[in-house]
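What follows is a set of notes on a single structure, which appears directly below.
The values are calculated or read from the model by the stated rules, or taken from the named source; none is laboratory data. Only a predicted model underlies this, so the values are computations on that prediction, with no experimental measurement involved. Cβ atoms come from the backbone with ideal geometry, glycine included; neighbour counts cover every protein chain shown.
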Amino acid sequence: MWRQANVFSELERTTLAYAEAIARSDQDVDERLFASLRHHFADAEIVELACWICLEDFYSKFNRTFRIEAQGFCLIPQRPGEPDPQ
């Protein structure tokens with residue numbers, strides 16, 4: 001969905017692609033993506049970004065396992081035609 005949106009900068013798109021690649025268990029982060037990341041970040045920043053992405057991925061999987069609901073910090077607008085979640 002983020003790939004079709006025209007609201008993200010090149011930096012944001014690269015970061016989202018990195019987060020998506022890290023979250024997938026069936027593939028590695030390829031060299032082309034690392035080269036793109038190095039255009040925006042130093043190596044230490046890429047490692048730190050990976051740590052935060054992995055931590056957030058852990059939280060989402062942990063919370064889902066125990067059915068922990070969102071705390072309302074990041075409200076996602078309801079799509080037209082979707083049932084009200086409450």
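Identify the residue in the stretch 27-86 that is modelled with pLDDT of 90 or more and basic (K, R) and, among all such residues, is surrounded by the fewest Cβ atoms within 10 Å (Cβ to Cβ).
R67
If a residue must be under 15 Å from the mean Cα position of the chain (by Cα) and closer than 19 Å to S60 by Cβ, how many such residues does the stretch 1-28 contain?
Result for the stretch 1-28: 13.
Report yes if Y18 is of a type in the set (S, T, Y) and either under 19 Å from R3 (Cα atoms) or in contact (Cβ under 8 Å) with a residue 60 or more places away in the chain (or both), otherwise no.
So Y18 passes the test.
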